[in-house]
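This report concerns only the one structure given below.
The values are calculated or read from the model by the stated rules, or taken from the named source; none is laboratory data. Please read all numbers here as calculations on a predicted model, not as lab measurements. All Cβ positions, glycine included, derive from the backbone under ideal geometry; neighbour counts span all protein chains shown.
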Amino acid sequence: GNSVTQMEGPVTLSEEAFLTINCTYTATGYPSLFWYVQYPGEGLQLLLKATKADDKGSNKGFEATYRKETTSFHLEKGSVQVSDSAVYFCALVGYTGTASKLTFGTGTRLQVTL
Amino acid sequence: DAGITQSPRHKVTETGTPVTLRCHQTENHRYMYWYRQDPGHGLRLIHYSYGVKDTDKGEVSDGYSVSRSKTEDFLLTLESATSSQTSVYFCATSGGGNTEAFFGQGTRLTVV
């Protein structure tokens, strides 16, 4: 079956530091890949997505590139802010023609300090 | 954002009692999902639906049942609640294919 592996947290950074959260996946076919963010006490919000190989998703300064050759979708941001503190989930959706199922990684907590 | 409403938002119940959580959407999405979120496990799929009266099991379906009698509503029932079902439950919807999912705000369930 499909699976997503992402780096464990927490990741603690100072404000304005560079962020990388690693994500690799195993899937059959041609999944779409996503990063979701969850702020305390809230549901998950879509942060960015990529639907095919070499696509780059971007939003709010975050970027991730769909790398089929390395089955990776690493999240990056050049300069983090305190307001970026949240839990980040890598996910994929695999459509088999009869069912569309999402699979999530375990999440990575990011803490940004002043 | 997709209009997804979960109810109740918080519930405390006793071991052995049945509990039903409701998810309501206004987006006319075909797919609806129930996940549970626990520390160290991320989100795990309980059940999902790919149409009215069409449902299937996820990876942690034991002790749970679902029903979908109309497009907009997806109910999750804990047939006899246990302490291991204490969790935060999220509903999500999607249009299907390889599209993204949209999430509700979650229901925090405590079984005592």
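Quick notes on this structure:
- B:LEU45 falls short on exactly one of the conditions (1) surrounded by fewer than 17 Cβ atoms within 10 Å (Cβ to Cβ); (2) in contact with an Asp or Glu (Cβ under 6 Å, 6 or more places away or on another chain), and that condition is (1).
- Pairs where the first residue, in segment A:17-32, is over 17 Å from A:SER3 (Cβ atoms) and the second is at pLDDT 95 or above and surrounded by fewer than 12 Cβ atoms within 10 Å (Cβ to Cβ), C-beta under 7 Å, 6+ apart: A:PHE18/A:GLY78
- Among residues of segment B:67-112, those that are part of a loop (DSSP other than H, G, I, E, B) and either at pLDDT below 95 or within 14 Å of chain A (Cβ to nearest Cβ) (or both), counted: 10
- Single residue of segment A:1-30 satisfying the filter (modelled with pLDDT of 95 or more and among the acidic types (Asp, Glu)) that is farthest from A:THR70 (Cα to Cα): A:GLU15
- Which listed residue is surrounded by fewer than 18 Cβ atoms within 10 Å (Cβ to Cβ) and over 13 Å from B:TYR89 (Cβ atoms), from B:LYS70, B:LYS11: B:LYS70
- Only a single item in (1) outside any strand (DSSP E or B); (2) within 15 Å of the chain's Cα centre (by Cα); (3) at pLDDT 95 or above is not met by B:TRP34, and it is number (1).
- Residue within segment A:15-25 that is of a type outside the set (A, V, I, L, M, F, W, C) and surrounded by 17 or more Cβ atoms within 10 Å (Cβ to Cβ) present: yes
- Residue within segment A:49-60 that is among the β-branched types (Val, Ile, Thr), loosely packed, with under 15 Cβ neighbours inside 10 Å, over 30 Å from B:HIS10 (Cα atoms) and within 14 Å of another protein chain (Cβ to nearest Cβ) present: no
- Condition met for A:TYR36 (closer than 14 Å to A:LEU102 by Cβ and either within 13 Å of chain B (Cβ to nearest Cβ) or in a strand (DSSP E or B) (or both)): yes
- In segment A:82-114, residue farthest from the other protein chains (Cβ to nearest Cβ) [restricted to those that are closer than 18 Å to A:THR24 by Cβ and either outside any strand (DSSP E or B) or modelled with pLDDT under 85 (or both)]: A:GLY94
- Enumeration of residues in segment B:7-23 that are more than 13 Å from B:GLY106 (Cβ to Cβ) and assigned to a loop (DSSP other than H, G, I, E, B): B:GLU14, B:THR15, B:GLY16, B:THR17, B:PRO18
Conditions (1) more than 15 Å from B:SER7 (Cα to Cα); (2) hydroxyl-bearing (Ser, Thr, Tyr); (3) free of Cβ contacts under 8 Å to residues at least 12 places away in the same chain; (4) buried (at least 21 other Cβ atoms within 10 Å of the Cβ), marked per residue:
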| site | (1), (2), (3), (4) |
| --- | --- |
| B:SER65 | yes, yes, no, no |
| B:SER80 | yes, yes, no, no |
| B:GLY97 | yes, no, yes, no |
| B:ALA101 | yes, no, no, yes |
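- Scanning segment A:39-48 for residues that are facing chain B (nearest Cβ under 9 Å) and not in a strand (DSSP E or B) turns up A:GLY41, A:GLU42, A:GLY43.
- Some residue of segment B:56-66 being within 14 Å of chain A (Cβ to nearest Cβ) and assigned to a strand (DSSP E or B): yes
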